[in-house]
1. Can you find even one residue in the stretch 161-174 that is of a type in the set (Gly, Ala, Ser), within 27 Å of Glu104 (Cα to Cα) and crowded, with 22+ Cβ neighbours inside 10 Å?
2. Can you name every residue in the stretch 48-73 that is away from ligand 2 (no atom under 16 Å from the Cβ), in contact (Cβ under 8 Å) with a residue 24 or more places away in the chain and within 14 Å of Val11 (Cα to Cα)?
3. Of everything in the stretch 92-106, what is surrounded by fewer than 19 Cβ atoms within 10 Å (Cβ to Cβ) and under 19 Å from the mean Cα position of the chain (by Cα)? Give them in sequence order.
4. Pairs please, first residue from the stretch 182-211 and within 16 Å of ligand 1 (Cβ to nearest atom), second anywhere and of a type in the set (Lys, Arg), Cβ atoms under 7 Å, 6+ apart in sequence or on different chains.
5. Which one is farthest from ligand 1 (Cβ to nearest atom), of the residues in the stretch 218-235 that are more than 21 Å from Ala18 (Cα to Cα) and in a loop (DSSP other than H, G, I, E, B)?
6. Mind counting the residues in the stretch 66-90 that are more than 22 Å from Gln189 (Cα to Cα) and out of contact with any strand residue (DSSP E or B) (no Cβ under 8 Å at 6 or more places or on another chain)?
7. What's the total number of residues in the stretch 159-203 that are within 16 Å of ligand 2 (Cβ to nearest atom) and either assigned to a loop (DSSP other than H, G, I, E, B) or out of contact with any helix residue (DSSP H, G or I) (no Cβ under 8 Å at 6 or more places or on another chain) (or both)?
8. For the stretch 207-216, give me each residue that is out of contact with any Leu (no Cβ under 9 Å at 6 or more places or on another chain) and either assigned to a strand (DSSP E or B) or surrounded by fewer than 15 Cβ atoms within 10 Å (Cβ to Cβ) (or both).
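The values are calculated or read from the model by the stated rules, or taken from the named source; none is laboratory data. Computed from a predicted model, the values in this text were never measured in an experiment. Here Cβ is always computed from backbone atoms with ideal geometry, including for glycine, and neighbour counts include all displayed protein chains.
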Amino acid sequence: MSALRIENLYVRYGRREAVSGVSLEVPAGRTVGLVGESGSGKSTVANAAVGLAPVHAGDIRVHGTSTIGRSTQARAARRRIQLIFQDPFSALDPRMSVGDSIAEGLIASSRAYPRAERRDRVAELLRQVELDPARADELPRAFSGGQRQRITIARALAGDPEILIADEVTSALDVSVQGAILNLLRELQGRLDLSILFISHNLAVVRYISDEVCVMRHGRIVEAGPTEALLDDPAEEYTRDLLDAVPVLGRRMDLSAG
Ligand SMILES: Nc1ncnc2c1ncn2[C@@H]1O[C@H](COP(=O)(O)OP(=O)(O)O)[C@@H](O)[C@H]1O
Ligand SMILES: [Mg+2]
């Protein structure tokens, strides 16, 4: 059974339909890339999965359980998904220590963390994203962009998710640190058995991390398939145009992958 299954999803903002009949699956322990030009509806799919966008029709299931609606079951299913946002600069409260920000994420966990255990868990989470646990009391401004993205990843992991949705998590970062964040996600996936929906407008980044790719345009999936097969020989001109948009980074990413 798929970890995450999106079935014929429609999302409307007022009269504007942002997502029109999207279906996709993330098999357990795999990474599925969702790519498409800006405005194609990628973030709307992500937001709908965690209850932050108005689902008009369709379903979003976690291991078979629907996440739609207000039932206890739906809420519990939604909590098994954690969303990591694009911008590590605005995602963290500048006045809150990074340890406290990560501890906030513990609330989403189905496990209870008594106060005395919280500090240890935060330290463990910082180590998991390769940051020094001794820095838990520092404010976000003491950290670089890449380090802040690691902190937002730690906060997402605090909820003990089975599914991570990473929405443009490298887009705000320098090219030099993008690869390190991708490698961290791959490593965490293996260690924690995560299933990942990896959203990006950048096909080079998606190629590096995804087992399968879905290509989105104007609220619809226009093609989907195994990463290599699809990106080596896309059927859609639209996908070819997306590939052409990132040739230089594409070569670099391929080198680091090899
Ligand atoms: N909160 C919102 N209210 C109204 N329209 C929105 C909202 N969020 C996104 N949209 C619209 O939905 C469409 C898809 O946006 P989005 O999902 O953010 O695309 P992407 O992430 O692929 O760039 C766009 O036309 C965007 O303007
Ligand atoms: Mg987006």
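1. The answer is yes, given that some residue of the stretch 161-174 is of a type in the set (Gly, Ala, Ser), within 27 Å of Glu104 (Cα to Cα) and crowded, with 22+ Cβ neighbours inside 10 Å.
2. If the condition is that a residue be away from ligand 2 (no atom under 16 Å from the Cβ), in contact (Cβ under 8 Å) with a residue 24 or more places away in the chain and within 14 Å of Val11 (Cα to Cα), then Gly51, Pro54, Val55, His56, Ala57, Gly58, Asp59, Ile60 are the ones that fit.
3. Residue satisfying the conditions is Glu104 alone.
4. Ile199/Lys42
5. That would be Asp233.
6. 7
7. Counting residues in the stretch 159-203 that are within 16 Å of ligand 2 (Cβ to nearest atom) and either assigned to a loop (DSSP other than H, G, I, E, B) or out of contact with any helix residue (DSSP H, G or I) (no Cβ under 8 Å at 6 or more places or on another chain) (or both) gives 8.
8. Selection gives nothing.
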